[in-house]
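The values are calculated or read from the model by the stated rules, or taken from the named source; none is laboratory data. Computed from a prediction, not measured in an experiment: that's the story for all the values here. Neighbour counts are summed over all protein chains in view; Cβ atoms, including those assigned to glycine, are modelled from backbone coordinates with ideal geometry.
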Amino acid sequence: MKKKIYPAYYVCMFIFISLVLFGFIMDSPKSIFKGMVKIVINSDILITDYMEIGGIGAAFVNAGVLGLISIFMLIKIGIKPNGSTIMALWLMTGFAFFGKNILNIWPVIFGVWLYSKYQKEPFLNYTLIALLATSLAPTVGQLTFIEQMPFCISLLIGILISIAIGFILPPLAAYCIKIHQGYNLYNIGLAAGLLATMLMSIFRAFGVNFEKRLIWYSGNNKLFFFFLMFIFISLILIGYILNNKSFKNVTSILNHSGRMVSDYYLMYENAAFINMGILGIVFTLFVVVINGDLNGPTIGAIFTIVGFGAFGKHILNVIPLVIGAILSSLLNIWNLNSPQMILSCLFSTTLAPIAGQYGWPYGVLAGFLHVCTVMNTSYLHGGLNLYNNGLAGGFVAITLVPIINAFRKEPSA
């Protein structure tokens, strides 16, 4: 039986195919192939910019292809599009610029598939978490480079551990939502971070440690700016056309706190694409205005924000977080346009529901605290968890929300 392809998937296909075409415009097929090989055989822990490792062409092709693979997986399984699936597609594509590639995602996905079989449930129920669980995809590559073991043994161990991660992550992720009560949008980042912290603790107990990494590309802001503007303006125009040539319901999205589960696509359908495009334009401009670098990690972060434009984020509940992050940079030891601060500012939007639920002042406070927290969490998991800001955001939400509830005059909704 032929699988139905929904319009939302066609929209995402257009964007991801554009990434692949842009990659082939930037580099020759031979250079892209060589770059893809470099990407696959290298360590992927935070922060590894694939543009620096394999070249611009290979990085964009890897991102576009991984996004298309994810779409075809959803179509094959028969999953209808909603805000969470659209978010997952953009998240997969974004992190394919720095950490996920066409090979390292499969052991974790296979582990989640095994868990579905263990529970005697269809994989359809776990496909979303299988995609998001690839936050820990760098585990395979990183364990391959353990010097204390022969290559074949370390590779096998890396694959087996990654499968085990996929197997045990679903129940942990379900429990983590209860802990932060839906105020941390990067819930899988919290679950994966806790699991990776435990894993890293075991490694360190046996003398295995991973050095900090910062591979960061710079130098093509103007080119990437215009291409991203094309992507996000196209997203707005497509949303406008599919939304009966109107901006109907776009303002309705702004009335939501963003607390999980806020599925803008199920509630407002194609207006969600307009919201996504607006977020993309705003945060691309933000990186350029602060004189930051548009590269693999920052484009990945922008794509993540755009994806969550269908599932919790809008311009009103993210701006307070960024203001808080900027205020933190004025007082702390990191420059605003340093790699760590740029990513912290962008990913601080994981706490958008706090601003949406409790108001701007609390959002600013959450953004401030997030920056201070995230600067220390990557050591815990040794860079294995790509969604490091999800771990930090979880810590902030778990700590801040009960304090807010205790001292607010009016109870939360």
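Take segment 315-328 and flag every residue that is under 25 Å from residue 19 (Cβ atoms) and surrounded by fewer than 24 Cβ atoms within 10 Å (Cβ to Cβ).
Initial filter on segment 315-328 (under 25 Å from residue 19 (Cβ atoms)): 315, 318.
315 - this is the single residue of segment 315-328 that is under 25 Å from residue 19 (Cβ atoms) and surrounded by fewer than 24 Cβ atoms within 10 Å (Cβ to Cβ).
Within the set of pairs 6+ apart or on separate chains, which have a first residue in segment 137-166 that is modelled with pLDDT under 90, a second that is exposed (fewer than 15 other Cβ atoms within 10 Å of the Cβ), and C-beta atoms under 7 Å apart?
Once the first residue is modelled with pLDDT under 90 and sits in segment 137-166, its partners that are exposed (fewer than 15 other Cβ atoms within 10 Å of the Cβ) give 144/151.
Given the conditions (1) assigned to a loop (DSSP other than H, G, I, E, B); (2) within 27 Å of residue 182 (Cβ to Cβ); (3) in contact with an Asp or Glu (Cβ under 9 Å, 6 or more places away or on another chain); (4) not acidic (Asp, Glu), and given that residue 81 satisfies all but one, which numbered condition is not satisfied?
Residue 81 satisfies every listed condition except (3).
Of the residues 378, 329, which single one is within 25 Å of residue 188 (Cβ to Cβ), touching a residue at least 24 places away in the same chain (Cβ under 8 Å) and not aliphatic (A, V, I, L, M)? First the steps, then the outcome.
On the way: 329 fails: within 25 Å of residue 188 (Cβ to Cβ).
Step by step, each of 378, 329 is checked, and only 378 is within 25 Å of residue 188 (Cβ to Cβ), touching a residue at least 24 places away in the same chain (Cβ under 8 Å) and not aliphatic (A, V, I, L, M).
Only one of 398, 404 is touching a residue at least 60 places away in the same chain (Cβ under 8 Å), touching a helix residue (DSSP H, G or I) at 6+ places or on another chain (Cβ under 7 Å) and surrounded by fewer than 24 Cβ atoms within 10 Å (Cβ to Cβ). Can you tell me which? Walk me through how you get there before you give the answer.
Details: 404 fails: touching a residue at least 60 places away in the same chain (Cβ under 8 Å).
After ruling out the rest, the residue left standing is 398.
Identify, from the list 99, 94, 83, the residue that is within 20 Å of residue 387 (Cβ to Cβ), surrounded by 23 or more Cβ atoms within 10 Å (Cβ to Cβ) and in contact with a strand residue (DSSP E or B) (Cβ under 8 Å, 6 or more places away or on another chain). Working first, answer last.
Numbers: 94 fails: in contact with a strand residue (DSSP E or B) (Cβ under 8 Å, 6 or more places away or on another chain); 83 fails: in contact with a strand residue (DSSP E or B) (Cβ under 8 Å, 6 or more places away or on another chain).
From the options 99, 94, 83, the qualifying one is 99.
Report whether or not residue 255 is more than 23 Å from residue 236 (Cα to Cα) and either in a loop (DSSP other than H, G, I, E, B) or of a type in the set (Phe, Trp, Tyr) (or both). Don't jump to the end; show me each part of the working.
Working: more than 23 Å from residue 236 (Cα to Cα): no; either in a loop (DSSP other than H, G, I, E, B) or of a type in the set (Phe, Trp, Tyr) (or both): yes.
Here the answer is no, as residue 255 does not meet what is asked.
Tell me, which helices (runs of 4 or more DSSP H) lie completely within segment 329-382 with 1 or more residues that are surrounded by fewer than 22 Cβ atoms within 10 Å (Cβ to Cβ) and modelled with pLDDT under 95? Steps first, answer last, please.
Numbers: elements: 339-347, 352-358, 360-381.
The qualifying helices (runs of 4 or more DSSP H) are 339-347, 360-381.
Being touching a Phe, Trp or Tyr at 6+ places or on another chain (Cβ under 6 Å) and closer than 13 Å to residue 101 by Cα is the filter; apply it to segment 21-44 and report the residue that is modelled with the lowest pLDDT. Working first, answer last.
Filtering segment 21-44 down to residues touching a Phe, Trp or Tyr at 6+ places or on another chain (Cβ under 6 Å) leaves 22-23, 39, 43.
Add one more test, that the residue is closer than 13 Å to residue 101 by Cα, and what stays is 39, 43.
Working: 39: 96, 43: 87.
Per the stated criteria, the residue is 43.
Taking the condition in a helix (DSSP H, G or I) and modelled with pLDDT of 95 or more, does residue 265 pass? Outline the logic, then answer.
Numbers: in a helix (DSSP H, G or I): yes; modelled with pLDDT of 95 or more: yes.
Judged against the criteria, residue 265 is a match.
Yes/no matrix, rows are residues, columns are (1) at pLDDT 95 or above; (2) farther than 30 Å from residue 55 by Cα; (3) in a helix (DSSP H, G or I); (4) touching a helix residue (DSSP H, G or I) at 6+ places or on another chain (Cβ under 8 Å):
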position	(1), (2), (3), (4)
70	yes, no, yes, yes
74	yes, no, yes, yes
89	yes, no, yes, yes
109	yes, no, yes, yes
113	yes, yes, yes, yes
116	yes, yes, yes, yes
121	yes, yes, no, no
133	yes, no, yes, yes
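Among the residues that make up segment 286-300, is at least one of them at pLDDT 95 or above, among the β-branched types (Val, Ile, Thr), farther than 18 Å from residue 87 by Cβ and part of a loop (DSSP other than H, G, I, E, B)?
Just the residues of segment 286-300 that are at pLDDT 95 or above, to begin with: 286-300.
Imposing the further condition that a residue be among the β-branched types (Val, Ile, Thr) reduces the set to 287-290, 298-299.
Applying the additional criterion that residues be farther than 18 Å from residue 87 by Cβ yields 287-290, 298.
Keeping just the survivors that are part of a loop (DSSP other than H, G, I, E, B) gives 290.
Within segment 286-300, one or more residues are at pLDDT 95 or above, among the β-branched types (Val, Ile, Thr), farther than 18 Å from residue 87 by Cβ and part of a loop (DSSP other than H, G, I, E, B).
Does segment 225-256 hold any residues that are buried (at least 16 other Cβ atoms within 10 Å of the Cβ), in contact with a helix residue (DSSP H, G or I) (Cβ under 7 Å, 6 or more places away or on another chain) and closer than 27 Å to residue 294 by Cβ, and which are they? Let's see the steps before the verdict.
Residues of segment 225-256 buried (at least 16 other Cβ atoms within 10 Å of the Cβ): 227-228, 231-232, 234-236, 238-240, 242-243, 249-250, 253, 256.
Narrowing the set further to residues that are in contact with a helix residue (DSSP H, G or I) (Cβ under 7 Å, 6 or more places away or on another chain) leaves 227-228, 231-232, 235-236, 238-240, 242-243, 249-250, 253, 256.
Scanning segment 225-256 gives 227, 228, 231, 232, 235, 236, 238, 239, 240, 250, 253.
I'd like to know if segment 293-314 contains one or more residues that are within 17 Å of residue 343 (Cβ to Cβ), surrounded by fewer than 24 Cβ atoms within 10 Å (Cβ to Cβ) and more than 17 Å from the chain's Cα centre (by Cα).
The answer is yes, given that some residue of segment 293-314 is within 17 Å of residue 343 (Cβ to Cβ), surrounded by fewer than 24 Cβ atoms within 10 Å (Cβ to Cβ) and more than 17 Å from the chain's Cα centre (by Cα).
Might you check whether a residue that is more than 21 Å from the chain's Cα centre (by Cα), more than 19 Å from residue 202 (Cβ to Cβ) and assigned to a helix (DSSP H, G or I) occurs anywhere in segment 160-167?
Going through segment 160-167, the residues more than 21 Å from the chain's Cα centre (by Cα) turn out to be 160-161, 164.
Still in the running and more than 19 Å from residue 202 (Cβ to Cβ): none.
No, because not a single residue in segment 160-167 is more than 21 Å from the chain's Cα centre (by Cα), more than 19 Å from residue 202 (Cβ to Cβ) and assigned to a helix (DSSP H, G or I).
For residues in segment 16-68 being outside any helix (DSSP H, G or I) and among the polar types (S, T, N, Q), which is nearest to residue 90 (Cα to Cα)?
Just the residues of segment 16-68 that are outside any helix (DSSP H, G or I), to begin with: 27-28, 42-49, 55.
Adding the requirement that they be among the polar types (S, T, N, Q) leaves 28, 42-43, 48.
On the way: 28: 26, 42: 23, 43: 23, 48: 19 Å.
Here the residue is 48.
Determine if segment 210-220 includes at least one residue that is in contact with a helix residue (DSSP H, G or I) (Cβ under 8 Å, 6 or more places away or on another chain) and farther than 30 Å from residue 380 by Cα.
yes
Give just the number: which of (1) without any contact (Cβ under 8 Å) to a residue 12 or more places away in the chain; (2) surrounded by 15 or more Cβ atoms within 10 Å (Cβ to Cβ) does residue 260 not satisfy?
Residue 260 satisfies every listed condition except (1).
Only residues in segment 277-305 that are within 21 Å of residue 189 (Cα to Cα) count as the first member; pair them with residues that are charged (D, E, K, R) and surrounded by fewer than 24 Cβ atoms within 10 Å (Cβ to Cβ), Cβ under 9 angstrom, at least 6 apart or cross-chain, and list the lot.
296/52
Restricting the search to segment 104-124, which residues are farther than 29 Å from residue 38 by Cβ, buried (at least 19 other Cβ atoms within 10 Å of the Cβ) and of a type outside the set (Phe, Trp, Tyr)?
Once the filter is applied, which keeps residues that are farther than 29 Å from residue 38 by Cβ, buried (at least 19 other Cβ atoms within 10 Å of the Cβ) and of a type outside the set (Phe, Trp, Tyr), segment 104-124 yields only 116.
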